[in-house]
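Inspection log for the structure reproduced underneath, given as structure tokens.
The values are calculated or read from the model by the stated rules, or taken from the named source; none is laboratory data. Computed from a predicted structure; not experimentally measured. Glycine also receives a Cβ, built like all others from the backbone with ideal geometry; neighbour counts cover every protein chain displayed.
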Amino acid sequence: MESLLDVLRTLRAPDGCPWDRAQTHESLRAHLLEEAAEAVDALGGGVESEMIEELGDVLLHVAFHAVIAEEEGRWTLDEVERRLVEKLIRRHPHVFADASAESVEDVEVTWQQVKEAERGDVPRDPADGVPDGLPALARAAGLAKALDWSEPEGALARAAGGANDATVLADAFIALAIRAERAGLAPELLVRDALRERLSVRDAPSEDGAPT
């Protein structure tokens, strides 16, 4: 990591790269979203070289933000790492302390209990834990879980019946996201994987050797 930080410090130096020197936490937000999406695609595609490259791009952004904060005298990558390690240890008392967890469900319950204890008595809206920056289907599923939403009544039937105004279609998307979440599935990944499959079928050569 120190090599990566040194490269970024050089790029951010007065005689470094004009583009890198111009970046801020704010300007890099959209790039981080894009790189995270590309990493998700690479992990779903299963090509190891692409996984390595795209995860590297995500790591680049973590280091980039740390170098910007370091320049401002606010925090460093060491602080990011320290807090992460402390959180992982704190939220796994069944590994690092004397708690017990016999199943994935037990681990999830423990994680949430520790998370709530960290917040103390500060009132919190459950929706606050679902980032605005998530893709819409993922956010709908997250909000449905956090707020215990039910499907918009009749949404799927209205859409299947041919109604196609914006409200009907939006309710149908939300209903499908909620249904996927209830089934333990990630709606965003379901659609991404289905699109990848459709594109691979389209690009597959036909009997005459041409793409279908």
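Annotations
- Matching entry among 86, 116, 72, 108 (being surrounded by fewer than 11 Cβ atoms within 10 Å (Cβ to Cβ) and under 27 Å from residue 148 (Cα atoms)): 116
- If you go through the range 1-10 and keep only what is part of a helix (DSSP H, G or I) and not polar (S, T, N, Q), you end up with 2, 4, 5, 6, 7, 8, 9.
- When the range 11-65 is filtered for residues that are over 24 Å from residue 188 (Cα atoms) and either at pLDDT below 95 or in a helix (DSSP H, G or I) (or both), the ones remaining, listed by number, are 11, 12, 18, 19, 20, 21, 22, 60, 63, 64, 65.
- Test set (1) surrounded by 19 or more Cβ atoms within 10 Å (Cβ to Cβ); (2) in contact with a Pro (Cβ under 7 Å, 6 or more places away or on another chain) - residue 146 fails condition number: (1)
- Filter result for residue 184 (surrounded by fewer than 14 Cβ atoms within 10 Å (Cβ to Cβ), at positive phi and under 25 Å from the mean Cα position of the chain (by Cα)): yes
- Test: residue in the range 69-85 that is more than 27 Å from residue 24 (Cα to Cα), out of contact with any Leu (no Cβ under 6 Å at 6 or more places or on another chain) and in a loop (DSSP other than H, G, I, E, B): no
- Elements of type helices (runs of 4 or more DSSP H) contained in the range 103-212, each with 3 or more residues being without any contact (Cβ under 8 Å) to a residue 12 or more places away in the chain: 104-119, 166-182, 187-203
- Test for residue 97: is it over 30 Å from residue 22 (Cβ atoms) and of a type outside the set (Ser, Thr, Tyr): yes
- Unique match (being closer than 17 Å to residue 77 by Cα, among the small types (Gly, Ala, Ser) and either touching a helix residue (DSSP H, G or I) at 6+ places or on another chain (Cβ under 7 Å) or not assigned by TED's automatic domain parsing to the domain that holds residue 188 (or both)) among 46, 56: 56
- Leading residue by the ranking (nearest to residue 135 (Cα to Cα)) among those in the range 150-178 that are surrounded by 18 or more Cβ atoms within 10 Å (Cβ to Cβ) and of a type in the set (D, E, K, R): 171
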